[in-house]
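Peer 1: First the structure, which I've put down as structure tokens, then a few questions once you've had a look.
Just so it is clear, none of the values below were taken in a lab; they were calculated from the coordinates. The structure displayed is predicted, hence computed values, not measured ones. Heads up, the Cβs are rebuilt from the backbone with ideal geometry, glycines too, and the neighbour counts pull from every protein chain shown.
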Amino acid sequence: MDELVSLCKRRGFIYQSSEIYGGLQGTYDFGPLGVELKNNLKRAWWESMVYENDNIHGLDSSILTNQLVMRHSGHEETFSDPMVDCKKCKSRFREDNITDNVCPSCGSNDLTESRPFNLMFKTNVGPVEDNANFAYLRPETAQSIFTNFKNILDTTSSSLPFGIAQIGKAFRNEITPRNFIFRVREFEQMELEYFVKPGDDEKAHDAWVQKRLDWWKNQGVPINKIELFEVPTDELAHYSKKTIDIMYEFPHGVEELEGIANRTDFDLGSHSKKQEELNINSKVLNNSDSNSRLAVKNEDGEWLVPYVIEPSAGVERGLLAVLNEAYNVETLEDNKTRIVLKLKPHLCPIKVAVIPLKKNDQQIVEKATKIKNIINSMSFGRVVLENTGNIGKSYRKHDEIGTPYCVTVDFETLDNESVTIRDRDSMDQTRINIENLNNFLQDNLNT
Ligand code: GAP
């Protein structure tokens, strides 16, 4: 993990947030390469969910959330971790991080009983700071999908089964943020709520588990590093009938990468008005605040509250997994080592680096700039001109940040319009004509 963290900082993937003031625990900033990688991972998810499925629609809702949403979702009551305080050093820990009743910080065994600690952040809304005028920073993107259920149902004329997908920030006041970007207080989620007829839920759940496994494989996370874990009944979230966690072998241990839950009719039922007319199967709190009936009519004209299957993945955990899988240290023929990030082409922050052989040769640099602009206009993603004058160093740098192809422009290019293409993984170099670049990149970047 340390080597990966060091690469992320050194090359501009991930920095500690507020670093110049000593940082803010559980928060990270994504630098020039981190933001590209993150966007590419999110795009891959969005394409697989929204673009590939006519019955799945996108949403981008607000982060600030009315307290009533989190009350009726059950989060005010139950979204907490049991925590224990050390009376001696005043540190606070999650109960499951304590062994033998000993404080992990100072070794004292003078600890408080465990108490629930709600993980939601509150913030004031409007100019008056009091207990009534607050909103929550959403702890999951899911709730605003449920509160927009009727809007999207009506505006898209959907019928079951259909889904709503959202990518966005979520906030949790984790007691012990840890393991780099694995457990943080501000993170992004990629969540799908897939609405089905009750009775079709178990089949849909199984199908989504398989689809999500296939997707992670396509991002470069191999199946042999993944375990499926069925969450035991007594550990299920308050809304879930069954949850399968996709567990990945992170550098610090096997932990949850994504959860796929069968949320039944709990959420729509909880946020709905006139609950007594809806045949809700889950145990929901009485709701006299909602002004919307979150249900559809069945063939017999009776109200039916759809069941929900929810694949929910963390972007940061996804990033950590793909970076961990891509990170390789290779020994070369001359016994030197190179670090190479073997990211899948669609995830690479930079797709192509164009390198002039001579830094100060005006003709070569101009030609390289033209070629960079030509490749840029092909819209594969970010293309850079790397004018350091040191080809070897440029290759090493682009190996480390995962650039799949370097295009070198030299004197021969000026004579015959050909360039050298170097492959990141094999380090093979081939000479091709500029007019064949598009086909070459089409074939090799879109795999
Ligand atoms: N809507 C369901 C939900 O939020 P969850 O299991 O609490 O379920 C879903 O979270 C995913 O969000 C997790 O599998 C994980 O990838 C990510 N996640 C949750 N808490 C996180 C945290 N503190 N830091 C980073 N990622 C987190």
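Peer 1: Let a ≥ b ≥ c be the square roots of the eigenvalues of the Cα gyration tensor of the chain; is it rounded (a/c under 1.5), or, if not, prolate (a/b larger than b/c) or oblate?
Peer 2: Prolate shape, in that a/c is at least 1.5 and a/b is the bigger ratio.
Peer 1: Follow-up. Mind grabbing the base-10 log of I(q)/I(0) for the stretch 89-151 at q = 0.21, 0.26 Å⁻¹? Debye formula, identical points on the C-alpha positions, no solvent, two decimal places.
Peer 2: Log10 of I(q)/I(0), two decimals: -0.88, -1.06.
Peer 1: Using alpha-carbon positions, what is the distance between the centroids of the stretch 384-436 and the stretch 80-102, in Å?
Peer 2: The two parts, judged by their Cα centres, are 54 Å apart.
Peer 1: Work out, step by step, the length gained on full extension between Glu299 and Lys211: first 0.36 nm times the residue separation, then minus their alpha carbon distance; give nm to one decimal.
Peer 2: Taking Glu299 through Lys211 to full extension adds about 28.7 nm, to one decimal.
Peer 1: If you don't mind, another one. Give me log10 I(q)/I(0) at q = 0.10, 0.15, 0.17, 0.20 Å⁻¹ for the stretch 18-125, Debye formula, one equal scatterer per alpha-carbon, no solvent.
Peer 2: -0.58, -1.02, -1.07, -1.09
Peer 1: Could you compute the net charge surrounding Val84? Neighbours are other residues with a C-beta less than 14 Å from the C-beta of Val84; K and R count +1, D and E count -1.
Peer 2: Every neighbour counted, the sum reads -1.
Peer 1: Sticking with this one: Just to be sure I understand the model, the point goes 7 Å from the Cα along the line to the Cβ. What's the resulting Ser157 to Asn218 distance in nm?
Peer 2: Result for the modelled spin labels: 2.9 nm.
Peer 1: Taking 25 Å as the cut-off for C-alpha to C-alpha distance, list the pairs among Lys9/Lys358; Lys150/Lys241; Lys217/Lys397; Lys42/Lys342; Lys344/Lys393; Lys169/Lys397 that go past it.
Peer 2: Lys9/Lys358; Lys217/Lys397; Lys169/Lys397
Peer 1: Restrict the search to the stretch 384-447; then list the chymotrypsin sites (Phe, Trp or Tyr not before Pro) that DSSP places in a loop and that have at most 15 other Cβ atoms within 10 Å of their Cβ.
Peer 2: When the chymotrypsin sites (Phe, Trp or Tyr not before Pro) of the stretch 384-447 are filtered for loop state and at most 15 Cβ neighbours within 10 Å, nothing remains.
Peer 1: Something else about it: Near the amide H of Gly58, under 5 Å away, which other amide H atoms are found, from residues 5 or more places off or on another chain, if H is placed in the peptide plane?
Peer 2: Amide H neighbours of Gly58, under 5 Å, 5+ apart: Ala165.
Peer 1: Please give the peptides 206-214, 311-319 ranked by average Cβ packing (other Cβ atoms within 10 Å per residue), highest first, as a rough proxy for protection.
Peer 2: Taking the mean over residues of other Cβ atoms within 10 Å, the ranking is 311-319, 206-214.
Peer 1: Next up: For the stretch 111-266, max minus min Cα coordinate along each principal axis, in Å, sorted largest first?
Peer 2: For the stretch 111-266, the Cα spread along each principal axis is 48, 47, 31 Å.
Peer 1: OK, next. Give me Thr264, Thr123, Thr420 sorted ascending by neighbouring Cβ count inside 10 Å, so fewest comes first.
Peer 2: Thr123, Thr420, Thr264
Peer 1: Also: Note the full-extension length gain between Asp289 and Ser377 as 0.36 nm times their separation in residues minus their Cα-Cα distance, in nm to one decimal.
Peer 2: Contour length minus Cα-Cα distance gives 26.4 nm.
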